[in-house]
Amino acid sequence: MESPIQVVRRFCAAWSDNVGAAELAAFFSDNAVYHNIPLAPVTGRQAIANNIATFIRPGAPGIESLALRLVNIVAEGPIVMTERVDVFKVPNKSFELQVISRSSCRSWASSRSVMARSTPGATIST
């Protein structure tokens, strides 16, 4: 069974591998709250997929790719904190954003992992 850190590492790698919004949302439980500041929090896997799809789309004016570069990662039980640099590629340029995130992970006997994610100051419910 995966540890919470392994789940978060896999989630970050999925962003870097340019998977689609539905595949990213599959990391979340049906009742997860996703708060990607400065956007409003959204609840539920489908709402999370819709939210992600609004800012990750190929070509102008959207983000062409996003790589999540982990700097530090630590867990206490199901809670995982990451310090990372998100590298955004938009048409004709790229920029980096320093991020601290908090995730709450649970793994079931089926080995299917689900996650709720937020940035500091947000609440998570699963």
Search result, residues across segment 1-52 that are among the charged types (D, E, K, R) and under 16 Å from F88 (Cα atoms)
D17
Under 9 Å between Cβ atoms, at least 6 apart or on separate chains: pull out the pairs that start in segment 23-39 with a residue that is touching a residue at least 40 places away in the same chain (Cβ under 8 Å) and end on any residue that is surrounded by fewer than 13 Cβ atoms within 10 Å (Cβ to Cβ) and part of a loop (DSSP other than H, G, I, E, B).
N31/S125; A32/S125; V33/T123; V33/S125; H35/G121; H35/T123; I37/P120; I37/G121
Against the conditions (1) in contact with an Asp or Glu (Cβ under 8 Å, 6 or more places away or on another chain); (2) touching a residue at least 24 places away in the same chain (Cβ under 8 Å), where does I52 fall short? Just the number, please.
(1)
Cβ pairs under 7 Å, 6+ apart or interchain, first in segment 82-97 and modelled with pLDDT of 90 or more, second hydroxyl-bearing (S, T, Y) and assigned to a strand (DSSP E or B), ordered by first then second residue, are T82/S101; V87/S94
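If you check A75 against the conditions, is it at pLDDT 90 or above and closer than 20 Å to N18 by Cα?
Working: at pLDDT 90 or above: yes; closer than 20 Å to N18 by Cα: no.
Criteria not met by A75.
The values are calculated or read from the model by the stated rules, or taken from the named source; none is laboratory data. The shown structure was predicted, so the numbers you read here are calculated from the model rather than taken from an experiment. Methodologically, a virtual Cβ is constructed for each residue, glycine included, from the backbone with ideal geometry; neighbour enumeration extends over all protein chains shown.
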